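Accompanying notes for the structure given below.
What follows draws every value from the coordinates through simple rules; no lab data is involved. Not measured: the values here are computed from a predicted model. Here Cβ is always computed from backbone atoms with ideal geometry, including for glycine, and neighbour counts include all displayed protein chains.
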Amino acid sequence: MRKFFVLLRKEVAELLTRQIVIPMLAMILLFAALGKVLSVQKRAPHPVEPLRVLDLDRSALSERSLGALRTAGFRLVQDRSADRAGALGASSRLTLPLLVIPEGFQDRIMESQRAEIELYAVFRGLNIRSLAAMGQVARSVQTVNADMSRFAIGRAAGGASADLLRSPVSGREFVVLGGVVENLPIAQVMGLVQSQTYLFPVLIFLAIMFSAQMVAMSIVSEKENKTLEILLSSPIDRRALVLAKLTASALVALALTAAYMIGLRSFMGAIAGDALAQANAAARTALVHLGLQLTPAGGFLIGLSLLFGILCALAIAMVLGMLADDVKSAPAATTPLTIVLLTAYLLPLFVDMDASPAALRWTLLAIPFTHAFLAPQNVMLGKFALVALGIAYQAAVFAVFVFVTTRLFAGEALLTLKFDMRAWLRGRRAGAPRPGEAS
Amino acid sequence: MLSALVVLGLTKRYGGFEAVRGIDFSVGAGEIFALVGPNGAGKSTTLKIAATILTPTGGSVSVFGLDLRRSPEQVRGIISYLPEEAGAYRNLTGRAYLRFMAALFLESPAGIAECVSYGAGLSGLGARLDDRIKTYSKGMTRKLLLARAVMTRPKLAILDEPTSGLDVANAVEIRRTIRALAREGMSFLVSSHNMLEVEFLSDRVAIMSGGRILACAAAGELKREHAAGNLEEVFMRLTRP
């Protein structure tokens with residue numbers, strides 16, 4: 001046990017280099033700073049985009065439409081040009097969006113015909129802020145339309161309320177989840193679930209990828225720096241060596257993931273906002289009743305599933321790391337693991353596991369990482385037994401790979417096992433035996 | 001007296017390639033025994049087997065009476081191995097590296113501290129021991145690794161090209177240290193390309209080629225037997241068809 005801690009300390013010291021720590025801290029700061037900037041921008045009142053208006057109809061209804069726009073918060077700038085060509089002619093003047101109410105606007109509405117207004121949107125940039133400003137301008141047509149609709153309905157229906165006639169049915173929305181029914185806007189629940197469904201798997205993916213790379217690098221750098229042979233000839237239990245490498249890689253990977261999580265939370269919080277924080281008190285209680293707020297028990301299960309996902313990745317990457325000769329070939333050696341991980345990450349995002357063909361479903365469930373990706377959804381849906389079964393399966397896969405790794409460490413495979421892709425390809429082309437095969 | 005190392009009929013195959021083809025030799029306690037020969041002669045493979053990191057295909061190897069196959073962990077407690085072109089953990093300081101290695105061999109904090117202090121003296125690195133190893137030159141790293149290999153006072157030290165990468169002054173100093181430690185009873189199995197070094201350093205020499213031992217005796221005896229001025233000439237006469 002003492003030697004395990006001696007090895008663990010050395011492994012952590014070797015993995016936690018300045019090259020790892022500085023980018024990690026930089027990333028937390030960068031994400032936090034980006035989040036801060038975005039949330040400040042979000043809180044700041046959006047400046048109202050001025051809208052140039054050319055009223056060629058000069059009628060009571062065109063005046064009414066302009067009034068409706070002003071009431072809706074539009075900042076109107078009257079264009080005094082005699083006609084459309086004049087307003088559009090001087091391209092230098094086209095720095096503001098232009099709304100044109102053509103002649104005959106009122107006549108057509110009064111004759112119960114569809115009238116037209118023209119909107120010239122000016123794109124001054126293609127960033128999100130410029131696009132948001134254009135969206136705001138685009139709403140001017142809807143504002144005029146809504147007001148004219150109110151006018152036309154009022155005119156046709158006599159004393160009846162135009163607003164009531166425009167929207168005679170109101171919907172009460174209920175969300176049913178895991179047998180619990182709550183009166184909540186569906187869009188609010190969708191927003192929350194989507195943020196959880198996208199954010200959690202990204203973190204799980206990062207944690208598992210980091211772990212796999214850490215342990216593969218740890219093995220490969222021992223081989224490349226020629227420190228492995230000294231270590232293997234020392235009086236250490238090989239199991240302690242394997243476990244020290246696994247533990248150190250998991251610790252460093254979790255630290256890296258925590259760094260990403262802190263950074264991402266700040267960033268995503270600023271972009272999407274926190275659905276729970278935004279909800280009013282009643283809605284918040286309803287969301288908690290639905291199980292959409294993580295309980296400590298649920299969090300523990302998700303954490304356990306993530307931990308075993310990481311451990312599985314570590315054990316598999318350790319075997320793959322043995323195949324690599326140097327640090328440069330380490331990423332290539334872990335490619336099969338990356339492919340499997342990507343499959344387990346992406347497919348459940350787009351495929352409904354319950355409705356998918358049995359072969360696909362069982363293939364995905366055979367990948368130990370799938371259970372870590374599915375754990376957040378299953379916990380929220382109250383399928384705790386399923387999560388527990390997944391964890392048990394992950395633990396079994398981990399045990400098998402640790403056994404294999406320890407056996408490989410006990411023999412000489414660590415020094416003699418290698419996969420040289422170029423030599424293998426050369427051999428295949430020439431019909432020669434693969435490396436390691438008897439010639 | 002119990003031999004430090006006894007090798008009988010040792011063979012080692014890598015797939016279809018036979019690197020070591022049935023060699024026999026023994027190293028006495030306090031003896032410096034050298035394996036010399038060209039690249040691919042089987043020297044490093046023999047050393048790696050003696051260091052328990054490769055398993056023999058055939059034959060037997062015992063260290064102070066302990067069979068390598070049956071008791072590898074016990075053997076690791078009484079040997080130390082220095083591979084050719086070995087490295088050290090680049091992010092540790094020299095002293096931290098010595099402390100780490102000492103803690104793998106010894107249990108008591110006092111024993112570890114004494115071992116580190118002895119290793120620090122042997123390395124001759126002085127204040128640089130507190131710098132990270134990645135700042136060391138090749139020669140400094142080699143001196144640190146040599147100090148590490150003998151600081152735990154192993155019964156058998158297995159050194160592959162011990163002075164590789166060292167300048168003349170440092171190489172001479174290292175050879176003197178090895179001789180002094182052998183006088184204190186430490187046994188050495190070394191391999192080298194440098195015939196002059198082997199002549200100066202070793203009590204007995206085995207000349208290897210193609211996985212076989214061609215001759216094994218004291219350097220002086222080999223020179224007399226082959227009427228040669230030095231070991232290089234002996235080697236050339238033995239290997240020339």
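For B:LYS138, a cut-off of 26 angstrom between C-alpha atoms picks up these lysines, skipping any fewer than 8 places away in its own chain: A:LYS10, A:LYS223, A:LYS226, A:LYS328, B:LYS43, B:LYS48. Summarising the amide proton neighbourhood of B:ILE158: residues at separation of 5 or more, or on other chains, whose placed amide H is nearer than 5 Å comprise B:SER80, B:TYR81, B:LEU82, B:LEU189. Here region B:103-241 was treated as a single set of alpha-carbon atoms; its pair distances binned every 5 Å from 0 give 2, 9, 17, 19, 17, 14, 9, 7, 5, 2, 1, 0 percent. For A:GLN113 and A:LEU365, a Förster radius of 60 Å and the Cβ-Cβ distance give a FRET efficiency of 0.45, rounded to the nearest 0.05.
Shown for the protein assembly as shown is the translational diffusion coefficient from the Stokes-Einstein equation, using the Kirkwood radius over Cα pairs, a temperature of 4 °C and a viscosity of 1.567 mPa s: 41 µm²/s.
Given +1 at the Cβ of Lys and Arg, -1 at the Cβ of Asp and Glu and no other charges, the dipole of region B:11-72 around its Cα centre is 220 debye to the nearest 20.
Basic side chains Lys and Arg get +1 at the Cβ, acidic Asp and Glu get -1 at the Cβ, and with that the dipole of region A:50-163 about its Cα centre reaches some 480 debye.
Based on C-alpha pairs under 8 angstrom that are at least 6 apart in sequence, region B:1-120 has a relative contact order of 22 percent.
Where both bridge residues fall in region A:50-163, DSSP classifies roughly 25% of the beta bridges as antiparallel. Put simply, the amide H of B:GLY37, placed in the peptide plane, has neighbours under 5 Å in B:SER192, B:MET208, leaving out anything fewer than 5 places away on its chain. Per-residue 3J(HN,Hα) values for region A:372-383, derived from phi via the Karplus relation 6.51 cos²θ - 1.76 cosθ + 1.60 with θ = phi - 60°, read 5, 5, 7, 4, x, 4, 5, 5, 5, 8, x, 8 Hz in sequence order (x marks Gly and Pro). Which longest uninterrupted range of chain B lacks any GluC sites (Glu not before Pro) assigned by DSSP to a loop state (not H, G, I, E or B) and surrounded by at most 16 other Cβ atoms within 10 Å? With GluC sites (Glu not before Pro) excluded where exposed in loops, chain B gives B:1-84 as its longest stretch.
Remark: region A:50-163 is approximated by an ellipsoid whose semi-axes, taken from the C-alpha gyration tensor as √(5λ), come to 27, 17, 10 Å, largest first. FRET efficiency for the pair A:ALA385 and A:MET190, taken as 1/(1 + (r/R0)^6) with r the Cβ-Cβ distance and R0 = 35 Å, rounds to 0.85.
Summarising the label geometry, the points placed 7 Å from Cα in the beta-carbon direction at A:ASP83 and A:VAL176 lie 6.3 nm from one another.
Taking label positions 7 Å along the Cα-Cβ direction at both A:ALA152 and A:VAL404, the computed distance is 7.0 nm, reported to one decimal.
Compare B:ASN170, B:ASN194, B:ASN91 in a GNM of chain B, Cα atoms joined below 10 Å, and give the one with the largest fluctuation. Among B:ASN170, B:ASN194, B:ASN91, the largest GNM mean-square fluctuation belongs to B:ASN91. Is the C-alpha gyration tensor of region B:68-139 telling us rounded, prolate or oblate? Criteria: a/c under 1.5 is rounded; beyond that, a/b larger than b/c is prolate, otherwise oblate. Oblate, because a/c is 1.5 or more while a/b does not exceed b/c.
Modelled spin-label separation between A:ALA255 and B:ARG153, with each label point placed 7 Å from Cα along the Cα-to-Cβ direction: 3.7 nm.
The trypsin sites (Lys or Arg not before Pro) found in region B:8-87 that occupy coil by DSSP, while having at most 10 further C-beta atoms within 10 Å, are B:ARG70. Here the dipole of chain B is about 400 debye; that uses its Cα centre as origin and unit charges on the Cβ of Lys and Arg (positive) and Asp and Glu (negative). Between region B:107-161 and region A:305-343, the C-alpha centres lie 34 angstrom from each other. For region A:307-321, backbone phi angles converted through the Karplus equation (6.51, -1.76, 1.60; θ = phi - 60°) give residue-by-residue couplings of 4, 6, x, 5, 4, 4, 4, 4, 5, 5, 5, 5, 5, 5, x Hz, Gly and Pro being listed as x.
If the segment from A:ALA413 to A:ASP326 were pulled out straight at 0.36 nm per residue, it would be longer than the present Cα-Cα gap by 29.7 nm.
Which one, B:PHE17, A:MET380, B:ILE49, is farthest towards the positive end of the dipole of the protein assembly as shown when Lys and Arg carry +1 and Asp and Glu -1 on their Cβ? Positive-most Cα among the choices belongs to B:ILE49.
What's the FRET efficiency of A:VAL351 with B:ALA110 using the Cβ-Cβ distance as r and R₀ = 51 Å, to the nearest 0.05? With a Förster radius of 51 Å, E is 0.25.
Whole-Hz Karplus values for region B:40-52 come out as x, 6, x, 5, 5, 4, 4, 5, 5, 5, 4, 8, 6 Hz, taken residue by residue from phi with 6.51 cos²θ - 1.76 cosθ + 1.60 and θ = phi - 60°; glycine and proline positions read x.
Each of A:SER65, A:GLY89, A:VAL137 was placed along the dipole of region A:50-163 (beta-carbon charges, centred on the mean Cα), and the one lying farthest toward the positive end is A:VAL137.
Distances between placed amide hydrogens fall under 5 Å for B:ALA215 paired with B:ILE207, all partners being 5 or more residues away or on another chain. Quick check for you: which residues of region B:85-116 have the amide N under 15 Å from the point 7 Å beyond the Cα of A:ARG9 toward its beta carbon? Backbone N within reach: B:92-116.
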